[in-house]
Structures are given as C-alpha cells and as structure tokens.
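Visitor: Have a look at the structure that comes next, please.
The values are calculated or read from the model by the stated rules, or taken from the named source; none is laboratory data. Since this is a predicted model, take the numbers as computed values, not measurements. For neighbour counting, all protein chains shown are included, and Cβ atoms are generated from backbone atoms with ideal geometry for every residue, glycine included.
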Amino acid sequence: MNRRCLIVLLLLASHVTRGEAAGFSDKFRGWLRAIPGLGGGSGKDSGTKQDTAAKSMPRVRLVPFTGGTGASATKALRDELLTSREFFVAGPDEKADYILEGSSVGGRVTGVLRDGRSKELFQRTYAAPGLDENLKAFSDDIIYTITGRPGLATSRIVFVSDKSGRRQVYVCNAEGGEVSQLTHDRHGAVSPTLSPDSSLVAFTCYRSGFPVVNLLDLHAGWERGVTDTPGSSFGAAFSPDGSRLALVMSFIGNPEIFVTDLGTNTAACVSDSVGAPSSPSWHPDGKQIVFANDDGDGPRLYVVEVPQKEGESSRLFRWRTGYHFCTDPEWSPDGRTIAFTTRKGGEWAVATKPYPNRGARLIQAGGAQHPSWSPNGRFITYSQHGGLYVHDVRSGSRRQILAGFGRISEPRWMR
C-alpha cells in the first residue's frame, strides 16, 4: 500500500480526542479495510464482500418525493431501505431494477413501486398519524413485493424485563426503539408471545397463585384468560394463522401440551409425555409442534404432529440435536431450521439445526438464550447477560439493540 496514506491515517488517529475515540475507531477500521493489502484485499482484487453482496442485491432507485414533507420522507425511506439490507440503493444515473416514486404531505405518504421497465407494481397511500409509521409500512410493502419475504420495519419484539422491580412484559421495534410496557401485574408476567398480526399478546401471570396464560388485546385493551379449566397453564405460542394457542396445561394431572381454539375456547391434548413439557413452537404449516420435555435427565426436544381432524391421533417422537440439554425451541419462518437454547462450557448458548436432519450449528455461546427468529428468517434475537441482541444468521455479525433496561429475558419476535 502507499506508505504516505498510512502515515496520514496514523496522524489523524493520534489527534482524536477521548470522547471521539469510539466513533472514530469504527471509521478508521473501515478506511483500513478499503486499502488494498490492509484488510481490503490485494491490489489485484480490491473488491470487498460488501461490494459483491451489493451487486447481487436488487438495485432500487429512489426518486425524490414531492410535497411539503417530501424531502423528509425521501431521506427516511432511504434509511429504512439501507437498514433492511435487502437492496442496493442506486444513484440517479445508475441502472436500477426497481424505481420508487411518491409524495408526502403532512406525513401522509403515497408511494409507487415500478420495475426497471417502468411497469407499475403497486401504488398505495399510507395515512397513519406519523410520517415514520407510514414510511415503515411502505418499506415493508416494498420488501415483500420484491423479495417475497416480510420486512422488519413494522415488526415488533416482546420481551420480559425486571426494570420496574418485578418482571413485566414489554415491546420494542426491531431496532430496540419505541419501548413500551404492556403489563403492570403486581405478581409479574413472563413468557410473552405475539399473535401474527401483532394485535394480541399471550403471557403467563401468577395472580391466582399458580401460572395461568392470559390474552391481552393491544388495540382494545381488554384482557382475559385462555381457558376456564382448573390447574396451571403456561408457555403459550400462537399458531401461524393466529386462531389457536399451543400451551402447557395440567388440569388432567401431569402437564401436557394442549392446543386451544381461541374461537371456541376448547382445548385438546396433543402430547403424551412422562416428564415436564415446556416452550412449544409451531411449524409454519400448523401441522407440527416442537417442544422441550424433561423426564429427569435434562430437557430434550420432541416433535408432535397436530391432528387436523377430530378423532385423529397424534404422533410424538424425539428429535435429536446432538446436545444433551435443549430447551426454548423455535421453528424458522420457512420451517427448515429450529433454533434452541443449549449448554456450552457450563453456560447457556444458542444453536440451530436444520429440520429434520443434518448437523447443529452453534450461533452464540457465553450466556445467550431464548432465541427467536425474525419474520424474514435472516436474524435471530436472544437475550444475553440481561441485554437484547439481534444476530445475522448469514454473516454471523450481531448487535445489541437494547441495554441498561433491567435484566431482559424471553424475547419473542412477531411471527
């Protein structure tokens, strides 16, 4: 590399103040990676992995929006598209696979998506109270139309925190912002899960002295129990269509996995376990449930086929992961992989394993637990040492999206 360039960079680094050091170090590493022969590849091949990825991603040209809030809308939408990591945002004179146009007045947004030949793919108006909310919805619609995968801008993560002095359920966006407390139960609330449309939260509370699953409507504000049967219930999970809940119930004696219909309030037992079942998760097709079961020798994972017709019997089998301790399983949105919590070196760890076979992969050790997939299947959120993380399954990179908010546990991404 050019020796003079290196000297200049080192001189710049030596004059950075302590307060600027954190931000400068990231930029400095970026500069170094861009220099051939110093982390950025050889002079013969100076392209980086990021360059290759950008070339393989769809190229979207964003035409400046018109209207009174058009400039703000253009900037905010560009940021959303870049954050999604689904597109390369092309310049005004660069070739593009898709073209975005629109207008924004008073926060209201009208957006148009066209393909590279100017054929209109959709035109929609977003009239929520805030500009940011409208642009997030527009961004998710763009992503789904082009990639066929859900966007994350409007997705939500529910989690448990003891910030208030007692464990309660909270919700945040995919970036760890817009945090809101959902429960204010004096006995505490745990094990939350969001319905597919984000309108309902199921959680476990202890008002009666033993665990019971309740439903909270986030729009209407009402709350009710899931079942009137005696005994305990906990660890609920919404079915892919949101019409049913899988949960652990013990009113017939030994705790078992039940499926309850939210419309009729009826429940049917689908497991026949000997130990202590927990943390059920649905396959995206709604025909199978994976759960953990501890028969006294540590939790293992089991899969049960959910009867689709009255009178059908369910088939239960153990699903081997290669680990002796497995809990908190969750199926990926495409049904091809299961993430779960295990033990590694005496600490919690998050792993994944393709379903039904192939070897397991350790995602994060050192205390990571309670994994949950993003709606597009690219990321996994989990808690580690009280913080909330989002992990890119493809690249292996991760970032902490929420810290200093009490001790966080049991995150669940909207499915």
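Visitor: Residue by residue through the stretch 361-415, note down the ones that are among the polar types (S, T, N, Q) and either part of a strand (DSSP E or B) or within 20 Å of residue 147 (Cα to Cα) (or both).
Guide: So in the stretch 361-415, the residues among the polar types (S, T, N, Q) come out as 364, 369, 372, 374, 376, 381, 383-384, 395, 397, 400, 409.
364, 369, 372, 374, 376, 381, 383, 384, 395, 400, 409, listed by residue number.
Visitor: Name the single residue that is farthest from residue 341 (Cα to Cα) among those in the stretch 304-318 being surrounded by 15 or more Cβ atoms within 10 Å (Cβ to Cβ) and either among the charged types (D, E, K, R) or out of contact with any Lys or Arg (no Cβ under 8 Å at 6 or more places or on another chain) (or both).
Guide: Residues of the stretch 304-318 that are surrounded by 15 or more Cβ atoms within 10 Å (Cβ to Cβ), as a first pass: 304-307, 314, 316.
Filter once more, so that each one left must be either among the charged types (D, E, K, R) or out of contact with any Lys or Arg (no Cβ under 8 Å at 6 or more places or on another chain) (or both): 305, 307, 314, 316.
Working: 305: 22, 307: 27, 314: 26, 316: 21 Å.
Among those residues, the one meeting the criterion is 307.
Visitor: Take residue 324 and tell me if it is assigned by TED's automatic domain parsing to the domain that holds residue 358 and loosely packed, with under 13 Cβ neighbours inside 10 Å. Please lay out each step first, then the result.
Guide: Working: assigned by TED's automatic domain parsing to the domain that holds residue 358: yes; loosely packed, with under 13 Cβ neighbours inside 10 Å: yes.
Yes.
Visitor: Test each condition in (1) at pLDDT 50 or above; (2) over 26 Å from residue 390 (Cβ atoms) for residue 20 and report the one that comes out false.
Guide: In the conditions (1) at pLDDT 50 or above; (2) over 26 Å from residue 390 (Cβ atoms), residue 20 misses (1) alone.
Visitor: Here's a follow-up. Only one of (1) farther than 22 Å from residue 376 by Cβ; (2) at pLDDT below 95; (3) under 15 Å from the mean Cα position of the chain (by Cα) fails for residue 170. Which number is that?
Guide: That leaves (2) as the condition not met.
Visitor: Right, here's the next one. Taking the stretch 134-155 as the region of interest, how many residues are charged (D, E, K, R), within 29 Å of residue 203 (Cα to Cα) and at pLDDT 95 or above? Before the answer, list the steps.
Guide: First pass over the stretch 134-155, keeping only residues charged (D, E, K, R): 136, 140-141, 149.
Now narrow it down to the ones that are within 29 Å of residue 203 (Cα to Cα): 136, 140, 149.
Going one step further and asking which of them are at pLDDT 95 or above, we end up with 136, 140.
Count: 2.
Visitor: Could you list, in sequence order, all residues of the stretch 230-248 that are within 24 Å of residue 186 (Cβ to Cβ) and surrounded by 15 or more Cβ atoms within 10 Å (Cβ to Cβ)?
Guide: Applying the first criterion (within 24 Å of residue 186 (Cβ to Cβ)) to the stretch 230-248 yields 230-236, 247-248.
Selection gives 232, 233, 234, 235, 236, 247, 248.
Visitor: Checking the structure you have, find out if any residue of the stretch 344-353 is farther than 17 Å from residue 176 by Cα and in a loop (DSSP other than H, G, I, E, B). Steps first, answer last, please.
Guide: Pass one, the stretch 344-353, residues farther than 17 Å from residue 176 by Cα: 344-353.
If we keep only those that are in a loop (DSSP other than H, G, I, E, B) too, we end up with 345-346.
Looking for residues that are farther than 17 Å from residue 176 by Cα and in a loop (DSSP other than H, G, I, E, B), one finds at least one in the stretch 344-353, hence yes.
Visitor: In addition: Tally up the residues in the stretch 69-102 that are part of a helix (DSSP H, G or I) and within 27 Å of the chain's Cα centre (by Cα), please.
Guide: 12
Visitor: Here is a follow-up. Could you run through the stretch 207-229 and say how many residues are buried (at least 18 other Cβ atoms within 10 Å of the Cβ) and farther than 18 Å from residue 170 by Cα?
Guide: Total meeting the criteria: 4.
Visitor: Please determine whether any residue of the stretch 166-173 is in contact with a Phe, Trp or Tyr (Cβ under 9 Å, 6 or more places away or on another chain), over 23 Å from residue 247 (Cα atoms) and surrounded by fewer than 19 Cβ atoms within 10 Å (Cβ to Cβ).
Guide: At the first step, the residues of the stretch 166-173 found to be in contact with a Phe, Trp or Tyr (Cβ under 9 Å, 6 or more places away or on another chain) are 169-172.
With over 23 Å from residue 247 (Cα atoms) added as a condition, the list becomes 172.
Subset that is surrounded by fewer than 19 Cβ atoms within 10 Å (Cβ to Cβ): none.
No, the stretch 166-173 has no match at all.
Visitor: Still on this structure, I have one more. Is it the case, given these coordinates, that residue 162 is modelled with pLDDT of 95 or more and within 30 Å of residue 410 (Cα to Cα)? First the steps, then the outcome.
Guide: Working: modelled with pLDDT of 95 or more: yes; within 30 Å of residue 410 (Cα to Cα): yes.
So residue 162 passes the test.
Visitor: Shifting gears a bit: If I ask for residues that are among the small types (Gly, Ala, Ser) and over 17 Å from the mean Cα position of the chain (by Cα), which ones from the stretch 181-192 would you list?
Guide: Narrowing the stretch 181-192 to residues among the small types (Gly, Ala, Ser): 188-189, 191.
Result: 188, 189.
Visitor: List, please: which pairs have Cβ atoms under 7 Å, are six or more places apart or on different chains, and start with a residue in the stretch 73-93 that is under 25 Å from residue 108 (Cα atoms) and end with one that is of a type in the set (Ser, Thr, Tyr) and assigned to a helix (DSSP H, G or I)?
Guide: Once the first residue is under 25 Å from residue 108 (Cα atoms) and sits in the stretch 73-93, its partners that are of a type in the set (Ser, Thr, Tyr) and assigned to a helix (DSSP H, G or I) give 77/139; 80/139; 81/139; 84/139; 86/147.
Visitor: Okay, next question. Under 6 Å between Cβ atoms, which residue pairs at least 6 apart in sequence (or on different chains) link something in the stretch 122-137 that is aromatic (Phe, Trp, Tyr) with a partner that is assigned to a strand (DSSP E or B)?
Guide: 122/113; 126/109
Visitor: Go over the candidates 345, 335, 275 one by one and state the one that is within 19 Å of the chain's Cα centre (by Cα) and surrounded by fewer than 22 Cβ atoms within 10 Å (Cβ to Cβ). Let's see the steps before the verdict.
Guide: On the way: 345 fails: within 19 Å of the chain's Cα centre (by Cα); 275 fails: within 19 Å of the chain's Cα centre (by Cα).
Exactly one residue qualifies, and that residue is 335.
Visitor: Condition check: touching a Leu at 6+ places or on another chain (Cβ under 9 Å), assigned to a loop (DSSP other than H, G, I, E, B), modelled with pLDDT of 95 or more and more than 27 Å from residue 180 (Cα to Cα). Does residue 321 satisfy that? Explain how you work it out, then say what you get.
Guide: Working: touching a Leu at 6+ places or on another chain (Cβ under 9 Å): yes; assigned to a loop (DSSP other than H, G, I, E, B): yes; modelled with pLDDT of 95 or more: yes; more than 27 Å from residue 180 (Cα to Cα): yes.
Against the criterion (touching a Leu at 6+ places or on another chain (Cβ under 9 Å), assigned to a loop (DSSP other than H, G, I, E, B), modelled with pLDDT of 95 or more and more than 27 Å from residue 180 (Cα to Cα)), residue 321 qualifies.
Visitor: Then there is this: May I ask you to list the residues in the stretch 269-283 that are of a type outside the set (Asp, Glu) and over 21 Å from residue 191 (Cβ atoms)? Lay out the reasoning, then the answer.
Guide: Here is the first cut: in the stretch 269-283, the ones of a type outside the set (Asp, Glu) are 269-271, 273-283.
Residue satisfying the conditions is 274 alone.
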